[in-house]
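The values are calculated or read from the model by the stated rules, or taken from the named source; none is laboratory data. These numbers were taken from a predicted model, which means no experiment stands behind them. All Cβ positions, even for glycine, are placed from backbone atoms using ideal geometry, and neighbour counts span all protein chains on display. Heavy atoms of the whole protein, side chains included, go into the accessibility calculation; ligands, DNA and RNA do not. Shrake-Rupley method; radii C 1.70, N 1.55, O 1.52, S 1.80 Å.
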Amino acid sequence: MTAEIVPSTLRNSPIDPEMLRTFLLGLVPLMIAEQQGATPEQLEAVRDRCVELITSRGDELQFGGSHRAASRTALAKAFALLARQPGGITAFGVHACTRVHEYCPGNQPTPETHAYKGNDGRP
């Protein structure tokens, strides 16, 4: 006898892009914090595990299955690793970076700053 925590209709359904985006927005900052202070060897081990899970279980990440949680977590950890690179990473509607850089979506002017120009060109 088996007990299902998640109904099979949800576990085996294609992932909603907005749900994936929300998942990444919530988990990637935690993964970045988790990786702080890690040695290059530790980061390399994380990278290798992420590559293994995403490439071997990516179909389950997208379409569901028993390894969906592990592959989604691996994707978030991979985002955190790539956030360390110059320019960070932008994918699935999410931008992650650990350093300010040119053209960073998180560093754009807002209506509260004098650099912002509205649709009519006026500040």
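Look through region 10-62, keep the residues that are modelled with pLDDT under 95 and of a type in the set (D, E, K, R), and return whichever of them is farthest from Leu81 (Cα to Cα). For region 10-62, the residue satisfying everything is Arg11. Restricted to region 57-87, and to residues there that are at positive phi and either free of Cβ contacts under 8 Å to residues at least 12 places away in the same chain or open to solvent by less than 20 Å² (accessible area, probe 1.4 Å) (or both), the residue that is farthest from the chain's Cα centre (by Cα) is Gly65.
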